[in-house]
Number of protein chains: 2
Amino acid sequence: MKKFLKYTPIKEALATFLDAITIHTGTESIPTIEGLHRVLARDVVASVDLPSENMSTRDGYAVRSEDVNASLKNPFTFRFLGEVKIGTPPKFRVGGQECAFVSTGSMIPNGADAVVMFEYSKRGGNKVEFIKSVEKGENVTYRGSDIKRGGTVLQAGTFLYSQDLGILSALGIGIITVTKRPRVSILSTGDELLNPGQKMSGAKIYDTNRIILSALVKEEGGIPIDLGIAHDDEDEIRRKLEEGLKKSDAVIASGGTSVGEKDLLPTVVGTLGRPGVLVHGIAMRPGSPIALASIEGKPILLTPGFSVSCIFGFYIFGRAMLRKILTRRELDGVLIRATITEDIESDEMTRFVLVKLIHQGSNVKAEPIHPSGSNILSSFVRADGYLMLAPKSSIKKGQNVDIVMTRLFSANFNPR
Amino acid sequence: MKKFLKYTPIKEALATFLDAITIHTGTESIPTIEGLHRVLARDVVASVDLPSENMSTRDGYAVRSEDVNASLKNPFTFRFLGEVKIGTPPKFRVGGQECAFVSTGSMIPNGADAVVMFEYSKRGGNKVEFIKSVEKGENVTYRGSDIKRGGTVLQAGTFLYSQDLGILSALGIGIITVTKRPRVSILSTGDELLNPGQKMSGAKIYDTNRIILSALVKEEGGIPIDLGIAHDDEDEIRRKLEEGLKKSDAVIASGGTSVGEKDLLPTVVGTLGRPGVLVHGIAMRPGSPIALASIEGKPILLTPGFSVSCIFGFYIFGRAMLRKILTRRELDGVLIRATITEDIESDEMTRFVLVKLIHQGSNVKAEPIHPSGSNILSSFVRADGYLMLAPKSSIKKGQNVDIVMTRLFSANFNPR
């Protein structure tokens, strides 16, 4: 009727799981402006220098720096040659004691090697008086100083932020190749589950895991596909999982992965194809009944029905699974360093502890949230992140720890 | 021809700008499952207890804890009453030396107050032997222990993450009210600007700011509206800005906010309505030529054309502007604490320094990126975040500083 699970260490379980994922979603070409939070499929190499010419970074006068040694008490007067309009190549060359007006973004005319800021000048007719000296290269951005032609600008696997789209655009790249978003089927199982809108009756509960997993999949750049709720029925679960494998690149199902009589998920997955269940039982708390499977290269993550276990299952295995499919370079969540406010220790399992972050000056304190029973979703709502404590280890109050953020922490930002 | 700007401190400029924003985008009702990264418009109060009954958190046997004082050497034998199926109210009451099988998520029958885990039991016929004692409340989640009926679950202004959608679903809330996404018109100005696909010719550059701003607006939950590129022409800029104000809730325009002859943006905005330009010139570097304006409650952010100044302009003013419109509680970006690797000081302006984060054990080091001239977009691509140094101040190597992340930092996460 029941069996005891052998608990696999997290690292080993994750490595086994990721190795078994061979599915590729392929690539697609999209306009750069649509590229936010997509993953670059190929290295991008610059085909031009950036900037393409020597440019002024200020409004002022382009000069030969060696000629200017002015100060407020000892102003220098130069001959005015004209203005270099933005977007237009200069028509003249700057010689000794000569200058040309340039704007921010104008090309620097030949001969000149620095720009005296407008604020330190006074023009009268074709003469300009300077009250400050200037160093060679001052207020000038040299050709290729931002990006050199032939250099790798962004590597394959980069998760694209706005500044990345900016540099691609600066190189004139209007179309980029990214990995396709993986489709992820999501199933909840359990006779006790209701959908929102259904009438509550004794001992039933509203399903939360499909909603949570759907949002987590979206955050990681996947496309959630809702398989609904299955009863604790072997045939119904098999039909749903087969539908999921057919429709999508990965499947996440929750409920029934413990060792009770209703633990149908791992049993059914074992009959769906090769290699089937890879790991059942992980040395982590919460989340020990998690099972990891793969059917012909498509990953299946089976988590307990309790939401906190389900969320940790996604954080540890679901996130890495999706990032591998997306070919994203970093497999982990967002980290913050914080100081723990109390002693914590673990038993033979890796322990996850939810924490609230408290910002004090330039210190961030991580305050453990008690109790964090596996059913307590409200503690997850209060938390800003979690820490992960290896088996049989401890941390002492005042030590620094890595916190993985579950809510992007945003405090009042005061400049020092 | 030229005027000198008076530089307003950042805090003062931001307060003035936010005060002038009176536009509301209103609210809308959406399915909870669509709520990721939206902002809750109203407090959510629980209309039920969660869980709605006392529930088991384990597979095992529900008992009266006072009756069980067993150990491996001194097992206790109880009478088996039957099984409590998940989703079904129990049909019996547990008395002295009696037990009932419960699964994870089953209701606890009346009389029982604890669950002995399955692993510490052995059943034979209608007898169950226990080899471990149990404390009152062990493996039980009490009615209302997660959320109490009448309590505020989530406050108005909360930016919704997956766990928040989970708790809303657990309460049976299938529809939520969120603030509408603000529409933000984005304009680039400058005769030198090209769109991707257009042929490069001497002294021209590809426009990057519209692409960057569009992505930043999306990241903050706004809907970008592309107004394209305007030439340095007063009438064309006026038409575009008027179009932007008509079509959207806010406008961001870049280029021409310095004090050069082409600084048309603040001039034109001054003619569009009341109150017009609020601040022109901010004591920050990069970004000093930024102008902040408002026309009948709709904010207008005018940034220099240089991308790094434009991005900082968005981070400091654009983000707060959108979060105010969205009624989001926190106005700042994501913070991480790190240790600076070199001395840094500022002049009379607030100084922004881009940094690369380096993770070493539980320490995060922030390494300043040099040079960070205002034209250097590649430094932004290399950076993980920035620090903000108040005017006339300094930080010493080894001090802790707040870093605002520009790329969500994700290192290899090793449990301690």
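The values are calculated or read from the model by the stated rules, or taken from the named source; none is laboratory data. Keep in mind that this is a model prediction, so the values were computed, not measured. Glycine also receives a Cβ, built like all others from the backbone with ideal geometry; neighbour counts cover every protein chain displayed.
Observations
- Matching residues, segment B:83-98, being part of a strand (DSSP E or B) and either under 41 Å from the mean Cα position of the chain (by Cα) or modelled with pLDDT of 95 or more (or both): B:GLU98
- For segment A:354-383, the set of residues classified as crowded, with 22+ Cβ neighbours inside 10 Å, at pLDDT 90 or above and assigned to a strand (DSSP E or B) consists of A:LEU354, A:VAL355, A:ALA366, listed by residue number.
- Close pairs (7 angstrom Cβ cut-off, 6 or more residues apart or separate chains): within 11 Å of another protein chain (Cβ to nearest Cβ) and crowded, with 20+ Cβ neighbours inside 10 Å in segment A:392-405, in a strand (DSSP E or B) and of a type in the set (Lys, Arg) anywhere: A:ASP402/A:ARG337
- Boolean, A:ASP146 is touching a residue at least 60 places away in the same chain (Cβ under 8 Å) and among the acidic types (Asp, Glu): yes
- Residues of segment B:30-66 that are more than 20 Å from A:ASP226 (Cβ to Cβ), surrounded by fewer than 18 Cβ atoms within 10 Å (Cβ to Cβ) and away from chain A (no Cβ under 11 Å): B:ARG42, B:ASP43, B:VAL45, B:GLU66.
- Complete set of residues in segment B:324-344 that are at pLDDT 95 or above and either touching a Phe, Trp or Tyr at 6+ places or on another chain (Cβ under 9 Å) or not in a loop (DSSP other than H, G, I, E, B) (or both): B:LYS324, B:ILE325, B:LEU326, B:ILE340, B:ILE344
- Evaluated against (1) surrounded by fewer than 21 Cβ atoms within 10 Å (Cβ to Cβ); (2) closer than 30 Å to B:LEU302 by Cβ; (3) in contact (Cβ under 8 Å) with a residue 60 or more places away in the chain, B:ALA13 falls short on exactly one condition, (1).
- Scanning segment B:384-400 for residues that are part of a strand (DSSP E or B) and either among the aliphatic types (A, V, I, L, M) or outside the structural domain of B:VAL364 (by TED's automatic domain parsing) (or both) yields a total of 4.
- Top-ranked residue of segment A:96-120 - restricted to ones that are surrounded by 20 or more Cβ atoms within 10 Å (Cβ to Cβ), within 14 Å of A:PHE76 (Cβ to Cβ) and not small (Gly, Ala, Ser), ranked as farthest from the other protein chains (Cβ to nearest Cβ): A:GLU98
- Meets criteria (modelled with pLDDT of 90 or more, out of contact with any Pro (no Cβ under 6 Å at 6 or more places or on another chain), loosely packed, with under 14 Cβ neighbours inside 10 Å and assigned to a loop (DSSP other than H, G, I, E, B)) for B:SER71: no
- B:ASP226 being closer than 24 Å to B:GLU296 by Cβ, surrounded by fewer than 21 Cβ atoms within 10 Å (Cβ to Cβ) and within 14 Å of chain A (Cβ to nearest Cβ): yes
- Enumeration of residues in segment B:264-283 that are more than 31 Å from the chain's Cα centre (by Cα) and on the phi > 0 side of the Ramachandran plot: B:GLY273
- Residues that are surrounded by fewer than 24 Cβ atoms within 10 Å (Cβ to Cβ) and hydrophobic (A, V, I, L, M, F, W, C) were ranked within segment A:187-204; the one that is nearest to the other protein chains (Cβ to nearest Cβ) is A:ALA203.
- Failed criterion for A:VAL279 (all others in (1) within 30 Å of B:TYR120 (Cβ to Cβ); (2) part of a loop (DSSP other than H, G, I, E, B) hold): (2)
- A:LYS324 vs. criteria in contact (Cβ under 8 Å) with a residue 40 or more places away in the chain and within 26 Å of the chain's Cα centre (by Cα): yes
- Subset of segment A:289-299 (residues that are surrounded by 20 or more Cβ atoms within 10 Å (Cβ to Cβ) and either charged (D, E, K, R) or part of a loop (DSSP other than H, G, I, E, B) (or both)): A:PRO289, A:ILE290, A:LYS298
- Residue pairs meeting the criteria (Cβ under 7 Å; at least 6 apart or on separate chains; first more than 7 Å from chain B (Cβ to nearest Cβ), in segment A:162-175; second part of a helix (DSSP H, G or I)): A:LEU168/A:THR32; A:ILE175/A:THR32
- Test: residue in segment B:221-236 that is over 30 Å from B:ILE295 (Cβ atoms) and in contact with a Gly (Cβ under 9 Å, 6 or more places away or on another chain): no
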